[in-house]
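In what follows, a structure is listed as structure tokens, so that the remarks can point back to it.
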Amino acid sequence: MCELLGTARLPAFSVDGDYVIGGVFSIHYNTQKVKHNYTTRSEPLQCTGRSVILKISRVMVFAIEEINNSTKLLPGIRLGYQIHDSCASVTVAVHAAFQLSNGLDPVFYTGANCSKSSTVMAVVGESGSTPSISISHVIGPFNIPQVSHSATCACLSDKRQYPSFFRTIPSDQFQAVALAKLVKHFGWTWIGAVRSDSDYGNNGMAAFLDAAHKEGICVEYSESFYRTHPRSRIQRVADVIRSSTARVVVAFSTNGDMGILLEELSREPSPPRQWIGSEGWITHPDMLRFTFCAGAIGFAIQKAVIPVAASPVLTEFWEDAFNCRLEQSTKVELIPCGCVRSDNMVYKAIYAIAHAIHNAVCQETNSTPQCDKLTRTEPKQVLTQLKKVKFSQNGYHVSFDANGDPVATYELVNWQKSESGSIVLVTVGYYDASLPLGQELHMTKVQICVILSMYCMWQVPVSVCTDSCPHGTHKVLQEGKPICCNDCVPCPEGEISNVTDSSDCFPCPKEFWPNANRDTCFPKPVEFLSFDEVLGIILAAFSVGGACLAIITASVFFRHRTSPIVRANNSELSFLLLFSLTLCFLCSLTFIGAPSEWSCMLRHTAFGITFVLCISCVLGKTIVVLMAFRATLPASNVMKWFGPAQQRLSVLAFTLIQVVICILWLTISPPFPFKNFTQFKDKIILECALGSAVGFWAVLGYIGLLAILCFILLITFSMLIFCAVWITFIPAYVSSPGKFTVAVEIFAILASSFGLILCIFAPKCFIILFKPEKNTKKYVMNKNAS
């Protein structure tokens, strides 16, 4: 025999029926304290404080009456109900769950194992997550389905722990993600967080903080509180909010807990704060009296339109239950009648259970449902059918996923001040988790009332730990601070950032360089010695001037070619030397201008060959002089071994050697145009790469060898200048930056060329032009003799 222990608590409302649906709601929100003397049985808990949730129980009654009058859903079957008051107490809620399972009779089974079927097919409730968890632990093992209209804790989606739990309200997991996306939408990265110290608040806030972290949002503080905590605890939370730097506060709380906190904050108003609320309190009528929270924004359960059939009984019932007058139309919106949004969730829950029972006991015959109320039905069958339920009611789709959760949809509501100064709720958008990623949140109004200086203004406040980092800088985390707190550090040389709050800077491409603000890459200027710049013009002028000087000198010598001075200076080699000097002057022009493949090969080979030709002529003249001195000795016939033919051959031989060297250089690894990125970071040096360094230094070394040979054979001022110029050229060439390397090379060519022409030909031209009396054979002979 199975009998109840203790005193049965009678349901607040009950009606018999063929199938009974249970309900557990917080019709009252408190209980009287009971003193325990542990000598006698304690009196049952007494409920106090009427709650707005009383109306929810009337919605359940209305929905069941509506179904009982339906000819399409459960025709011929009458649903009953047992609605218990949990008094917002987990203990009372558990007691009610046991009674819904066992019934109210003191002796409810006379068999041996107390395994009779439940007295109810399903249970609707509870409102809170914590009592819903407790109820589920009681009725779950008996496979009695439970459909909650308001329990949102994400933990209840765990089918291993709560296999028979369903709900018509979305899980807080979805709301947490939605709140994080809302905060991110407004650019708030530095927030405070408060929560109810309950399953609803703790699990909801944990899910929100995880989603916020993924969105790059930082939390300055996270505080918990509960309405039964001592006032000192509530004061401490209020002081944290007042003293914080975060201007945005996310509150994941029930209306009972939130009312206590806002009451404490109203005693000493904090600086302006933007409140972000969960559905647990953001739409509750009692909260709207806190006008200092004007501008609060959050997610709410969708409003619904519940049709009221043209039945005098139902109309009278609805108007009596909700204290409102229905017009002639067949529909009325819940809110004008003073109902809370969760009424719609209860309405859906009743219809979902009714559809499950319908699918378990009814058969379709010629599109007409035939139901047998005598069919023995177990709660487990209703549980199986509830998992498959899919229907639409009042334009809203109802179904459950594998976790017993519905499709997550919310309204985005905003607290706005009316003309009278009171707070009104305005729907400003919606959130639909079934939409594609990034499109879930939709604002139906561009302007949302957000708080600023205690007034509702059309301006979004800023709540960040540190200001945004502008272009040209990147974020560096402050040591010991959250990731949203950072310093703005300028980008390193050669790198840019062109987005706000960049976490890193990016190097410009190889041929680009940042501007002064380091937010854009511009092409690097290409630098080479140009004919358009002053240095290029000066060097070109000297080059052309030197060539002209050589031509003028040649003209003077040609005009006076029969004069003793010209004849005495080996006129043939002198003209060849002046020709080579002209080429030396002109070859420097090939070093000016943008390098190309042909100019790079031409400039070095022309320079090498013309200078060897020049030095070969000087070397030939030097040998002639030395031979002339040897010819004065008795019985010397040395001049016949170095006559004009030998002189021409020597010049040709010396020059051919350089030609061979240049040909080998150009064949093996010729010079080529090259963009030098390494010498300067902010510009490109366009220059001629040597190709083979051995080839370049062989050409230069051969010129030096001939010059040194000339200098050794006969020390002259011209060769002294030539050697000095090229000895100093080497370190200057190696150390000169950019285009100045080319300028140094041109300068060496011009300096040595001018040195040769001035030292060798200037004195002779001076005599020819200005001292003709000295241009005689006698003077020349005396000069040579001396």
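Throughout, read-outs are computed from the coordinates displayed, never taken from laboratory work. These figures come from a predicted structure and were not determined experimentally. Virtual Cβ from ideal backbone geometry, glycine too; neighbours counted across all protein chains shown.
At full extension, Asp372 and Phe766 could sit 127.9 nm farther apart than now, given 0.36 nm per residue minus the alpha carbon distance.
Ranking of Trp598, Trp281, Trp726, Trp697 by neighbouring Cβ atoms within 10 Å, starting from the fewest: Trp598, Trp697, Trp726, Trp281.
Taking K and R as +1 and D and E as -1, what net charge do the other residues with C-beta under 15 Å from the C-beta of Phe696 add up to?
Once all neighbours under 15 Å are counted, the net charge is -1.
Going by average Cβ neighbours within 10 Å, how do the peptides 343-355, 432-444, 223-235 rank, with the highest at the top?
The packing order, highest mean first, is 343-355, 223-235, 432-444.
Using a simple spin-label model with pseudo-atoms 7 Å out from Cα toward Cβ, Leu54 and Ser232 lie 3.8 nm apart.
Residues Lys55, Lys387, ranked from the fewest to the most other C-beta atoms within 10 Å, line up as Lys387, Lys55. With +1 on the Cβ of every Lys and Arg and -1 on the Cβ of every Asp and Glu, and nothing else charged, how large is the dipole of the range 473-523 about its Cα centre, in debye rounded to the nearest 20? Taking the Cα centre of the range 473-523 as origin, the dipole is about 40 debye. Taken as Cα centroids, the range 188-220 and the range 247-309 sit 16 Å apart, rounded to the nearest whole angstrom.
Approximating the spin labels as points 7 Å out from Cα along Cα→Cβ, the Phe531-to-Glu493 distance works out to 3.6 nm. Subtracting the Cα-Cα distance of Ala653 and Lys214 from 0.36 nm times their residue separation leaves 149.9 nm of extension gain. For the range 15-32 versus the range 742-760, the spacing of their alpha-carbon centroids is 112 Å. Shape index of the range 473-523: Rg/Rh, with Rg the Cα radius of gyration and Rh the Kirkwood radius from the inverse mean 1/r over Cα pairs, equals 1.06. Cβ crowding within 10 Å, taken as a proxy for footprinting-reagent exposure, orders Glu533, Glu126 from fewest neighbours to most as Glu533, Glu126.
In terms of Cα atoms, the Rg and Dmax of the range 142-218 work out to 14.3, 49 Å.
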